[in-house]
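Chemist: Pasting in a structure now, in structure tokens, and then I'll have a few things to ask.
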Amino acid sequence: MPDHIHFLIHGNDIIGFVRLFKGKMTPVARSLNPRRSLWQRSFFDHALRKEEAISDVACYIWENPVRAGISDNPTDYSWSGSEVWPDWKRFYK
């Protein structure tokens, strides 16, 4: 998405993950556009409890560019991707 990013992550240190991600991406973003503000102060998180909920959120994230009218198919969106999709279920225990 051009104005936000979604993560579906497993772990108990979400703040640490966000801090690390922002720390790694900020220099890259500044090299591309030094005048643009990149991050908002906070972020929104949502704890998932059931495997079905994980599947729903994964599909929501995957289909987000289609709902936004950016692409006709999630696979056509350049920034769609995941470290585990489509084998994400093997990471859920």
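Chemist: Okay, which of region 1-43 sit inside 18 Å, backbone N to the point 7 Å along the Cα-Cβ direction of Lys50?
Modeler: From region 1-43, the list is empty.
Chemist: Moving to a separate point now. Report the gain in length on full extension from Leu8 to Asp72: 0.36 nm times residue separation, minus Cα-Cα distance, nm rounded to one decimal.
Modeler: The span from Leu8 to Asp72 would gain 20.8 nm if fully extended.
Chemist: While we're here: List the GluC sites (Glu not before Pro) in region 33-84 that DSSP assigns to loop (not H, G, I, E or B) and whose Cβ has at most 16 other Cβ atoms within 10 Å. Which are they?
Modeler: Glu83
No value in this document is a laboratory result; all are computed from the given coordinates. What you are looking at is a predicted structure, and each value in this text was computed from that prediction instead of being measured. Quick reminder, even Gly has a Cβ in these numbers, built from the backbone with ideal geometry, and neighbours come from all protein chains shown.
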